[in-house]
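Step one of this worksheet: look at the structure below.
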Amino acid sequence: MLVSLQKALNQRAQDGLLRQRRLLDSPQAEHIVADAQPYLSFCSNDYLGLANHPKLVAAMQQAAGDSGVGSGASGLVTGHHRYHDELEKQLAKFVNLPAALLFSTGYMANIGVLGALVGRGDAIFADKLNHACLNDGGYYSLAEFKRFAHNDVQALEKLLKASTAKHKIIAVDAVFSMDGDIAPIPEYLALCEQYDAYLYIDDAHGFGVLGKHGAGTLGHFNLKSPRIIMMATLGKAAGVAGAFVAGEQVVIDYLIQTAKSYVYSTPAPPALSATLSASVKLIESGDDLRAHLYDLIALLKAELKLNKWQLMPSTTSVQPLIIGDNFKAVAVSKYLQAVGILVPAIRPPTVPVNTARLRISLSAAHSKEDVLRLISALQEAEKELT
Ligand SMILES: *Cc1c(COP(=O)(O)O)cnc(C)c1O
């Protein structure tokens, strides 16, 4: 086996697909130290700049002092601490749904929820550009797994019409992680009502950023329905770690009994939940942060003047610049790195073939000067590299 592993790695390197980790030696922020070099970073999903917020650092220190550092047992045994419980109630209220349940990561949430809610004889309808963990959740559930073209409401309707499945769930990213565009959630909800389906939305990139007070994509569209179940991660705009699922009380009660990645897993430390409670407060009162973030998005879109490379039509903090070729995308990323700016090159299989891109991620922690510096470096890079 070891020989075939090495061969597969060599092949990846040849195809320009070998990924390498950088060693971070600073807190996650807009200015970081990676591999012992200082950089201006457009890499993180810390969209509001909360990952190193002094109030949250203090909250975690204090909570560790009074609740310790470990959960010690699964939530159904003795691991469900008052801090977890308070955060669940706070999150449900914030996203305007009846109840919520914490998971250790978004990946575990998606696998646990799809695995628990549907199975043989049921069907999941999934956007082709969904995040990898929704696909994994789909395979794990053993439900029929039907994929439709990106954001294609008509293609989805055809599949729903033809389906004889007992239970149907439409499972989509609300904001697509590598494209930054927003799914047509109101249209999907209308289809749910028409075809007796449920809607599971993964709001990893909308929570904290979109909607009134940052409550996410449901808030953005002002939607409420017992057919909706949402998931959001707490390691992105919320700046900490973890995830939650929210929906009807009966859905949450059922997940507590049956979602294996909840039942058979130790919850994140209670101190993380206490930190997240402080983070959700910062998100709720963070309209200024979001206004600044949206100013930066508008600045990038208005001022970036390129001939060949193109920004995708995203209006969110994920601003992908399509380069196309894998090696070229890496060359652009390296060019920027040489001038002290980090922007990741995203290649297949994370994105479709021939759409290798730079994933520019903007944060409220960036200044206008940071964005202007990125713009002029990209313009220079295009002159040099095409
Ligand atoms: C990051 C991400 C996840 C996984 O969340 P983690 O908490 O990092 O495991 C799930 N879905 C989407 C769309 C994501 O971008």
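Of the residues making up the range 196-213, those that are of a type in the set (Ser, Thr, Tyr) and either more than 20 Å from the chain's Cα centre (by Cα) or open to solvent by 40 Å² or more (accessible area, probe 1.4 Å) (or both) number 1. Pairs linking a residue in the range 232-247 that is of a type in the set (Val, Ile, Thr) and assigned to a loop (DSSP other than H, G, I, E, B) to a residue that is more than 10 Å from the ligand (Cβ to nearest atom) and open to solvent by less than 10 Å² (accessible area, probe 1.4 Å), with Cβ atoms under 6 Å and 6 or more positions apart or on different chains, are Val240/Thr275; Val240/Leu276; Val240/Ser279.
Here Val118, Val69, Val113 are screened, and the one residue that is touching a residue at least 24 places away in the same chain (Cβ under 8 Å), surrounded by fewer than 19 Cβ atoms within 10 Å (Cβ to Cβ) and farther than 17 Å from Lys281 by Cβ is Val69. Listed by first and then second residue, the pairs with beta-carbon distance under 9 Å, at least 6 apart or on different chains, first residue in the range 141-170 and in the same structural domain as Tyr195 (by TED's automatic domain parsing) and more than 8 Å from Phe125 (Cβ to Cβ), second of a type in the set (Ser, Thr, Tyr) and outside any helix (DSSP H, G or I), are Glu144/Ser163; His167/Tyr198. Sort out which residues of the range 72-109 are within 27 Å of Tyr140 (Cα to Cα), of a type in the set (Ser, Thr, Tyr) and either within 16 Å of the ligand (Cβ to nearest atom) or crowded, with 19+ Cβ neighbours inside 10 Å (or both), and write them in order of number. Within the range 72-109, Ser104, Thr105, Tyr107 meet the criteria.
Residues are listed down the side, and each one gets a yes or a no for (1) of a type in the set (Val, Ile, Thr); (2) loosely packed, with under 14 Cβ neighbours inside 10 Å; (3) at pLDDT below 95:
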{"position": "Leu299", "(1), (2), (3)": "no, no, no"}
{"position": "Met312", "(1), (2), (3)": "no, no, no"}
{"position": "Val318", "(1), (2), (3)": "yes, no, no"}
{"position": "Ile322", "(1), (2), (3)": "yes, no, no"}
{"position": "Leu336", "(1), (2), (3)": "no, no, no"}
{"position": "Leu342", "(1), (2), (3)": "no, no, no"}
{"position": "Arg347", "(1), (2), (3)": "no, no, yes"}
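Beta carbons closer than 7 Å, at least 6 apart along the sequence or on distinct chains, pair a first residue in the range 203-216 that is free of Cβ contacts under 8 Å to residues at least 24 places away in the same chain with a second that is aliphatic (A, V, I, L, M) and more than 10 Å from the ligand (Cβ to nearest atom) for Gly211/Leu218.
The set of residues from the range 219-269 being open to solvent by 10 Å² or more (accessible area, probe 1.4 Å), away from the ligand (no atom under 11 Å from the Cβ) and hydrophobic (A, V, I, L, M, F, W, C) comprises Phe221, Leu223, Val250, Val251, Ile256, Val263.
Okay, residues lined up against (1) open to solvent by 50 Å² or more (accessible area, probe 1.4 Å); (2) under 21 Å from Val318 (Cα atoms); (3) modelled with pLDDT under 95:
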{"position": "Gly137", "(1), (2), (3)": "no, no, no"}
{"position": "Glu144", "(1), (2), (3)": "yes, no, no"}
{"position": "Thr164", "(1), (2), (3)": "yes, no, no"}
{"position": "Lys168", "(1), (2), (3)": "no, no, no"}
{"position": "Phe176", "(1), (2), (3)": "no, yes, no"}
{"position": "Gln194", "(1), (2), (3)": "yes, no, no"}
{"position": "Ala215", "(1), (2), (3)": "no, yes, no"}
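Here's the yes/no breakdown for (1) in contact with a helix residue (DSSP H, G or I) (Cβ under 6 Å, 6 or more places away or on another chain); (2) not assigned by TED's automatic domain parsing to the domain that holds Ile228:
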| site | (1), (2) |
| --- | --- |
| Val250 | no, no |
| Tyr254 | no, no |
| Ser273 | yes, no |
| Leu300 | yes, yes |
| Val330 | no, yes |
| Tyr335 | yes, yes |
| Pro344 | no, yes |
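Scanning the range 13-31 for residues that are of a type in the set (S, T, N, Q) and outside any loop (DSSP other than H, G, I, E, B) yields one hit, Gln14. Within the range 16-25, does at least one residue satisfy the condition of being of a type in the set (Gly, Ala, Ser) and open to solvent by 30 Å² or more (accessible area, probe 1.4 Å)? The answer is no; no qualifying residue exists. In this entry, Tyr39 passes the filter for residues that are part of a strand (DSSP E or B) and on the phi < 0 side of the Ramachandran plot.
The values are calculated or read from the model by the stated rules, or taken from the named source; none is laboratory data. What you see is a predicted model; the values in this text were computed from it and never measured. Every residue, glycine as well, gets a Cβ built from its backbone with ideal geometry; the counts of neighbours run over all protein chains shown. Note: areas computed on protein heavy atoms with side chains; ligands, DNA, RNA excluded. Shrake-Rupley method; radii C 1.70, N 1.55, O 1.52, S 1.80 Å.
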